[in-house]
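Comments concern the structure below.
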Amino acid sequence: MNVKISLPDGSVREYPQGVKGSEIASSISEGLARVSLAIEVNGEVWDLSRPITTDASIKILTWNDKSGKTTFWHSSAHLLAEALEALYPGVKFGTGPAIENGFYYDVDLNGKPFGDDDLAAVEAKMKELAKHDSQYVRKDVSKADALKYFTEKGDPYKIEIINGLEDGKITFYQQGGFTDLCIGPHIPNTGFIKAVKLLNVAGAYWRNNENNKMLTRIYGITFPKAKELEEYLHLIEEAKKRDHRKLGKELELFAFSERVGMGLPLWLPKGTILRERLEQFMRKAQIKAGYDPVVTPHIGSKALYVTSGHYEKYGKDSFQPIHTPDEGEEFLLKPMNCPHHCEIYRTKPRSYRDLPVRLAEFGTVYRYEQSGELHGLTRVRGFTQDDAHIFCRPDQVKEEFVKVIDLVLHVFKSLGFENYTAQVSLRDPENKAKYIGEDSAWEKAEAAIQEAADERGLSTVAVKGEAAFYGPKLDFMVKDALGRQWQLGTIQVDYNLPIRFELEYVGSDNQKHTPVMIHRAPFGSLERFVAVLIEHCAGNFPLWLAPDQIAVLPISERFNDYAKLVYEKLKEQDIRGLLDDRDEKIGRKIRDAETKKIPFMLIVGEKEAGDQMVAVRKHGQGDQGSVPLEEFVNRFRIECSAPV
C-alpha cells in the first residue's frame, strides 16, 4: 500500500506506507539527504526516522529553515545534558529547550558551584561526544515505566513533569549513554553538531516560580559548520558595541534610577530631542493622513477596563488598583489607550458620513513586568505608544488598513529599515477562551487583513496564537543591520471593542450600526523603537534626528569668540549642536566629538576667523575642507532634510 506525499513545489509522489523522512530526502537528492535535519509533516515537525503512514504534505527541513535550526538546537541541549551527566554524576535536569538563538538547560548540580569558568570543560566534553555520531532514538514509554526510570535515577524535576502528562503520550529520547524525557523531534545524530560554544551561566527558578529551588541555567549555541560559529561570535561582539544600554549611557540619551523605579526610563535632554524629533515626524505624517490628535489621562476607572475586557485578560499583569478616599472607587494606571479613545468616539452622535474617525495620541501606558524580564528600553514598565484608532464602516476597513500599511512602510523607509516581513497574527483555534467575540467577526477581520496585505504586495506569514485578545493583527518583523529580528509596527482589526462600548453610527438607511475599529502603532512604542534604532545604526543617527548635529571646536582659547559667533549663527538657523571651548588640545576635542557620534565638526583657528570660514570635518569620514559658514549652512540644509 502506498501513501501520497505532497512536496513544497506542488508535486505529488507515491511511496510505500511507512516511508521515513530520510528516505524521501534521499529520493529527492543525495545532497538534500546529507543536510536534512528533520521533516515537517502536515505542519508538525517530526524526526526523519519516524514512519509516515498516511497521505501527507511534507517539507524536508535543513539548517536554512527556522524549524530546522530549532530542532538542531534542541538536540544540542540534549548533548549538553549528556556532557554534564558525564562530568557531574548525579546531576538532575529541569528543562532544556531551544530558544531564538541557541538553547539552554536548567540543571541542579546538587549544590556544586558552577560559573562561567566551568563552561570550557563542558564545551570540550560536548565536542568529544558529538564526534561519536550517536543517533537520537525515540521510544514510547508508559507513564509507570517513565516514573520508575526517573525515580531510580533520583530526578524529582522529571518526575514532576511526568505526573502532569497523560499516559500513552510519553516519549524518551536516547543518544549515546544519555536518556531524557522529551517529546522531540531531534536531528538524526550528534555528528551534525560541528561547532559548540557555551555562552554564559545564569540562575532560574524551577518552573519560573520564585518559591521553587533556584537552578543553574547554562546557555549555549551550536552550528553545523565552524565558520558559522565564528561569524556568530563576531556578530555577538558587534552587538555588544551597539547595545542600546551602553550607547544610551555614552550618548547621554536615557537613564534609569532605582529611586524612580525599575523599568521606568528617564529621558535625558539629548534623548528627549531624539524622541521629540520622532514624534514630530509622526505627527506630521498623521496630520497629512487625516488623523485628529487627542490626549487622555494616565489613569482610568477600573470599570473602564472591565468594559473593555482588559481587566479580565490582563488585570494580573497590571499595577495594583489605585484606591481613592471614596469607598469602592478604584483606578488603574492606563495599560492601553484604546478604551479612552472609545469613550472619545462616544462623546457625540456619528453619521456614516463622519466616518472614518481617526484619533491619534502619543499615550503613555503602564504594565507590570517582572523584574527579571526588564531589559533596557526594550522591556519596560512605562512606555509611550504612537497609538491611533480608526473607527470606520465595514466597507471602509480594507481601504483604511491599506493606508496604515503605507504609513508603516513610510516610517521604515525613512529610518533605514529595509529588511522586514509581515506576520499575520491569528487567534489559536484550539484555545478560543483566550479571546473575545464571535467567530464570524474574527473571520471577517482575518480576511480583511490578508486582502490588504495582498493588495500592497507584502510577503506574509500566518502565525496562530499571536492575535490580540480582541482581534487579529498584522505585525511587522524588522531585521536590523546585524540581521536580528524585532517586532515593531502593528495594525489590528477589531470588531469586538466597539460592541462592548456600544459604539454606533447612523447609516444611510437611517438605522444604527456598529463601527469597526482599527488599532495601529507604526513605531510600536517609542522606547522599543529608539532601542532598535540605536542598535541598527550604532548610534549614528540620520542627520535630521541627531540630538547634536554639529560641534564647533576652536583650536585654542584665542578663537573662542569667533567659535561662539559661529555657534550662535548656527543656532539661529535651528541647527542643533554644542560649543566645545574647553582648554584642551584640538585632537582631544575631535576625538571626543567622534565618540559622541556628532555628524559634523566645525574647526576654527586663525585662518578661519580671518576669512569668516569653518574647516569642516565629518564623523567617520575626516576632513572635508574649509568653506564659508553660509555655504556650510546651505550644504547642511540639503543633507538634513527630514523625510516628508
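The values are calculated or read from the model by the stated rules, or taken from the named source; none is laboratory data. It should be emphasised that the depicted structure is a prediction, and the values quoted were computed from it without experimental measurement. Glycine also receives a Cβ, built like all others from the backbone with ideal geometry; neighbour counts cover every protein chain displayed.
Data table
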| item | result |
| --- | --- |
| Of the criteria (1) modelled with pLDDT under 95; (2) in a helix (DSSP H, G or I); (3) within 33 Å of the chain's Cα centre (by Cα), which one H74 fails | (1) |
| Considering residues of region 461-476 that are surrounded by 16 or more Cβ atoms within 10 Å (Cβ to Cβ) and free of Cβ contacts under 8 Å to residues at least 60 places away in the same chain only, the residue nearest to L407 (Cα to Cα) | D475 |
| Scan of region 318-365 for residues that are among the aromatic types (F, W, Y) and crowded, with 19+ Cβ neighbours inside 10 Å, ordered by number | Y345, F362 |
| So R617, is it outside the structural domain of Q286 (by TED's automatic domain parsing), within 45 Å of the chain's Cα centre (by Cα) and farther than 30 Å from E279 by Cβ | yes |
| Pick from region 245-271, criterion in a helix (DSSP H, G or I) and in the same structural domain as G372 (by TED's automatic domain parsing), ranking: nearest to L374 (Cα to Cα) | G271 |
| Members of region 141-177 that are among the small types (G, A, S), more than 18 Å from A77 (Cβ to Cβ) and not in a helix (DSSP H, G or I) | S142, G154, G164, G168 |
| Failed item, numbered, when A239 is tested on (1) within 24 Å of I598 (Cα to Cα); (2) free of Cβ contacts under 8 Å to residues at least 60 places away in the same chain; (3) of a type outside the set (F, W, Y) | (2) |
| Single unsatisfied condition, T595 versus (1) closer than 15 Å to F636 by Cα; (2) among the hydroxyl-bearing types (S, T, Y); (3) exposed (fewer than 14 other Cβ atoms within 10 Å of the Cβ) | (1) |
| Test for A551: is it more than 27 Å from the chain's Cα centre (by Cα), modelled with pLDDT under 95 and among the aliphatic types (A, V, I, L, M) | no |
| Close pairs from region 433-449: first closer than 16 Å to L497 by Cβ, partner buried (at least 19 other Cβ atoms within 10 Å of the Cβ) and of a type in the set (S, T, Y), Cβ under 6 Å, at least 6 apart | I436/Y470; A441/Y495; A445/Y495 |
| Where N200 falls short, out of the listed (1) surrounded by fewer than 17 Cβ atoms within 10 Å (Cβ to Cβ); (2) assigned to a helix (DSSP H, G or I); (3) within 25 Å of the chain's Cα centre (by Cα) | (2) |
| Cβ pairs under 7 Å, 6+ apart, first in region 148-167 and over 15 Å from T95 (Cα atoms), second surrounded by 15 or more Cβ atoms within 10 Å (Cβ to Cβ) | T151/I159; D167/K143 |
| Residue tally, condition under 18 Å from G68 (Cα atoms), touching a Pro at 6+ places or on another chain (Cβ under 9 Å) and of a type in the set (S, T, N, Q), over region 2-33 | 1 |
| Those residues of region 77-115 which are among the charged types (D, E, K, R) and either over 27 Å from the mean Cα position of the chain (by Cα) or at pLDDT 95 or above (or both), in sequence order | E82, E85, K92, D106, D108, K112 |
| Subset of region 13-39 (residues that are closer than 17 Å to T53 by Cβ, in contact with a Ser or Thr (Cβ under 6 Å, 6 or more places away or on another chain) and either surrounded by 14 or more Cβ atoms within 10 Å (Cβ to Cβ) or without any contact (Cβ under 8 Å) to a residue 24 or more places away in the chain (or both)) | K20 |
| Selection from region 288-308 of residues that are touching a residue at least 60 places away in the same chain (Cβ under 8 Å) and more than 28 Å from K403 (Cα to Cα) | H298, T307 |
| Any pair with Cβ under 8 angstrom, 6 or more apart, that starts in region 624-636 at a residue that is without any contact (Cβ under 8 Å) to a residue 12 or more places away in the chain and ends at one that is of a type outside the set (A, V, I, L, M) | Q624/R617; Q624/K618 |
| Among residues of region 435-465, those that are more than 17 Å from P394 (Cβ to Cβ) and hydrophobic (A, V, I, L, M, F, W, C), counted | 6 |
